[in-house]
Each structure stands twice: as structure tokens, then as C-alpha cells.
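These notes are about the structure you will find just below.
The values are calculated or read from the model by the stated rules, or taken from the named source; none is laboratory data. Just so it is clear, the model here is predicted, and its values are computed rather than measured. As a convention, Cβ positions derive from the backbone with ideal geometry for all residues, glycine included, and neighbour counts pool all protein chains shown. Protein only, heavy atoms only, side chains kept; ligands, DNA and RNA dropped before computing areas. Shrake-Rupley method; radii C 1.70, N 1.55, O 1.52, S 1.80 Å.
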Amino acid sequence: MSVKVRFAPSPTGFLHVGNVRTALVNWLFARKHGGHFLLRIDDTDIERSKDEYTTAIREDLGWLGITWDSEEHQSKRFDRYALAAEKLRTQNRLYACYETPEELDIQRKMQASRGLPPIYKRPTEEQNKKYEVEGRKPHYRFLLNDEEVAWDDLIRGKVAMRATTMSDPVLLRADGVPVYTLASVVDDGELNITHVIRGEDHVSNTAVQVQLYKALGYKVPEFAHMALLKTKEGEMSKRLGGNDIRALREAGILPMAVNSLLARIGTSDAVEAFADMKPLTDSFDFKRFGRAPANYDVAELEKLNEKLLHQLPFAAVKDKITFADEQFWLSVRNNIKTLAEVQQWFAIMHENVEASLNHDERAFIRSVVNQLPAEPWSESTYDAWIAAIKPTTQRKGKELFMPLRLALTGRDHGPELKKLLPLLGRKKVVERLSA
Ligand code: GLU
């Protein structure tokens, strides 16, 4: 049977690095096995779900290169969930209950005070009658069978849980709206999902859902629960505007920097800067995933971004830096951290620069103007010029080139002067040195 996976975000906010890691791992697994990647929008919560977030989810995935083969919306499948609920009802696996959230809270507190686990206590018939007489509207829970639920997790190995340690989950709200627990199982079952890959915060859902798949007559999929992503909040992530994917994009981070990092953290494979998905797909293996939380570090993302930027051909960036040509890009790309800095270097090359130089430095610079070679200029012009200067000055090393760099760029660091000289051209170089 061929692989089919799903990424199932709730459209209640923008995608952040944690969601994207789940999406990416599903995608890499599907692509590695020639499988199908379904984008499932979990929008049963009508009040909190927004179309603009669904649009943003599509945009962000598209930007990352995480392509989907089909798309489903839970809000369009309510009739399927109603049928499934009906099926459970006829098996006596769905029962009405009436407790308010406050009453459930009191129940849990009493359990805690007696040292008992916070497991939902099924109501007696009399209790339910009393609530009905009061005119309360029921919501519905799934009756768990008292049996062990076990599965071979592709990351965690054998996982086993007894149903007596779990609460019967709510499947239908009082207004009849199905909740995630039910909707997700119906979708996985009816849409033939073969592998459910998600964060380990869903392990207890899985235990419950395995009984649901079986009760509804679906084949139980395979599971892989990833250790959670630990994001460092603070200065670093704020510098890039936070951990939302859109913020990273706006900060000039490249999609493959995000993918390179998120595909490999928390695994035993080294994090490397990859220019495309192929090596990530080829090397993908659940066996490489560890059980410890994966540490997401923005500084690591910036480093990857820099490495990728330095390798990018002009064709990959020319739409984003329309003011520059290929020679310009190749001259500055090794000295930038984000694409935004290309614009800064362009301004330095084209606008007036101010250099703070002392009297001696000025005198030195004026004395070397007439040693500039004649045009045409190339990358070897700088070396020819320096060779001509050397016999006539006492200066060497930094003392020699720093005043030149300052006079030509107004800055004490940047791209190699041998690359900047031909970009500036003889006329501008003469102007800047004689200023
Ligand atoms: N909408 C759920 C979530 O975002 C999906 C979980 C799942 O993959 O089953 O947590």
C-alpha cells in the first residue's frame, strides 16, 4: 500500500516553526516513499477558525516548497462525522453527559485531594435523569473499552497504555459540533491515511483514537510521535520578529535555511545548509529521530541562511534585487547576512560616502591616486595598483589598505576591494580618493 500522510493545522493562527517541522517531516517521508501529502484544514472550531489563516498557511507552505497533493476542510465534512457518531451510538459506545466545566473541575479537585488521578467519572443513570429534568443539554463522550492500547511507534518504539488511565473523550459538543478527536479519526480512516506523524503531545490522543479507529471499522494507521521542539524565547527570536514563518520570511531568511534546520534538529544527522530538498528527502529516516526535545536556535538559522546566501547564483535572487546585476551580486554575496544588505551595498557604491580619515591618511591617499592603472578594470586591477604603491610608501598591511577601504566605502569592513574596484570604476574611485 502506498504511503499517504496528512498535515493538519488548525487555521487559528499563523504557522510557526513547530507546525512547520511537523509539516516538513510528513512531507519528507511522503516524498521519500513516492507517497501522497494531504493538507487537512482542521476548522471544526468555527468561532476561532479564520479564512485568512488558511490562506496564510497555503502561502507559507508554498514559500517553503512543501507542496500538497490534495486538500480537505473538516468544516465541509460534518455529515461524515455525524454518520460516524451514529455508528458509535448503535454500538453503545457514545453516551450523553451533562456536567458543566465547573463541575468537572470540582470532580478533578476532589480526586486530587484523595490522591486519585484526574480521570472522568462516568455518571450514573439517576444523575443523568436529574440533569435532564433540569433541562440541561447533553454533550457526548466515547465509552472506552477497558483494554490495553498498544502500537509500535516509528520513533518511540512500543507504546502501551491502559484505558483505565484515560478519560472517556468528548466527541460531540452540546451544539452537536464534533470535536477534533472524532473528526481526525474519521478523516484518517476515510481518506486512507497510512501514517500519522505528529508531536508527542498527541500520544494520549493516539491511545484514545486507536480505540475509535477500531470501533468505526477503520484500519489503524502507523504512528510516529516526534519529541517536541523547544524554542528559545527572547532577544534572538525577537530580532527576527518571532517564530512565525512569515516573520522569518520578512526578516530575509531563505526557505531552505528553515527547511535545512527543521528537518535535522532532534535527529542524529548533522544540520547542514542544503540548497534544495533532495538531500533531505534522500537521507530521511525515522530511526534518526531522538527522544529528547529538539532545540530550535535562531542563531543556527541565521548561520545556515548566511551559508546558503553565499552560494546562491544570481538567477535565484535577481527578482528580489532588481536594481543589481550579476557582477554586483557575485561581488557582495559573501559579505552579507541577509538579502536586505545587498541594497545597503548598492547605496554605498552609488551614493556619496563619508570617510573619517586623519591628515596623514588623507595625504597618503592623495599620493596614490595617480598610480591607479588605466581602464579597462578587472579583479586584478587592485593588486596591480597596490604593487605600484608599495615602493613609494612606508605603509603596509592594515595601515595601507584600511585608509583605502575607508575612502572608497566609508566602512571598515565589507567585500574585497579587488571586487569593489571594478564595480566603482576609475572615475568614481578617483573622485572618492581625491575628496
Ligand atoms: N489540528 C491538530 C493539531 O494541530 C492536528 C493533530 C493531528 O495531527 O492529528 O494539533
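Could you please let me know if THR165 is of a type in the set (Ser, Thr, Tyr) and touching a residue at least 60 places away in the same chain (Cβ under 8 Å)? Answer is no for this residue. Restricting attention to region 1-17, the residues being open to solvent by 10 Å² or more (accessible area, probe 1.4 Å), within 11 Å of the ligand (Cβ to nearest atom) and more than 24 Å from HIS33 (Cβ to Cβ) number 3. Criterion applied to ALA292, ALA275 was being over 18 Å from the mean Cα position of the chain (by Cα) and either small (Gly, Ala, Ser) or open to solvent by 60 Å² or more (accessible area, probe 1.4 Å) (or both), and the one residue passing it is ALA292. Based on what the data block shows, is GLU71 within 15 Å of the ligand (Cβ to nearest atom), within 25 Å of ASP201 (Cα to Cα) and open to solvent by 30 Å² or more (accessible area, probe 1.4 Å)? For GLU71, the condition - within 15 Å of the ligand (Cβ to nearest atom), within 25 Å of ASP201 (Cα to Cα) and open to solvent by 30 Å² or more (accessible area, probe 1.4 Å) - is met. The single condition among (1) within 43 Å of the chain's Cα centre (by Cα); (2) modelled with pLDDT under 95 that GLU375 does not meet is (1).
Would it be correct to say that ILE66 is within 16 Å of the ligand (Cβ to nearest atom), modelled with pLDDT of 95 or more and among the aliphatic types (A, V, I, L, M)? The answer is yes for ILE66. Kindly indicate the residue of region 176-223 that is of a type in the set (Phe, Trp, Tyr) and assigned to a helix (DSSP H, G or I) and also nearest to the ligand (Cβ to nearest atom) among those meeting that condition. Once the filter is applied, the top-ranked residue is TYR180. Inspection of region 225-242 identifies at least one residue that is closer than 21 Å to MET166 by Cβ and not aromatic (Phe, Trp, Tyr).
Does GLN107 satisfy the criteria of being free of Cβ contacts under 8 Å to residues at least 24 places away in the same chain and of a type in the set (S, T, N, Q)? The answer is yes for GLN107. If you filter region 156-175 down to residues that are among the basic types (Lys, Arg) and part of a strand (DSSP E or B), you find that the one that is farthest from PRO293 (Cα to Cα) is ARG162.
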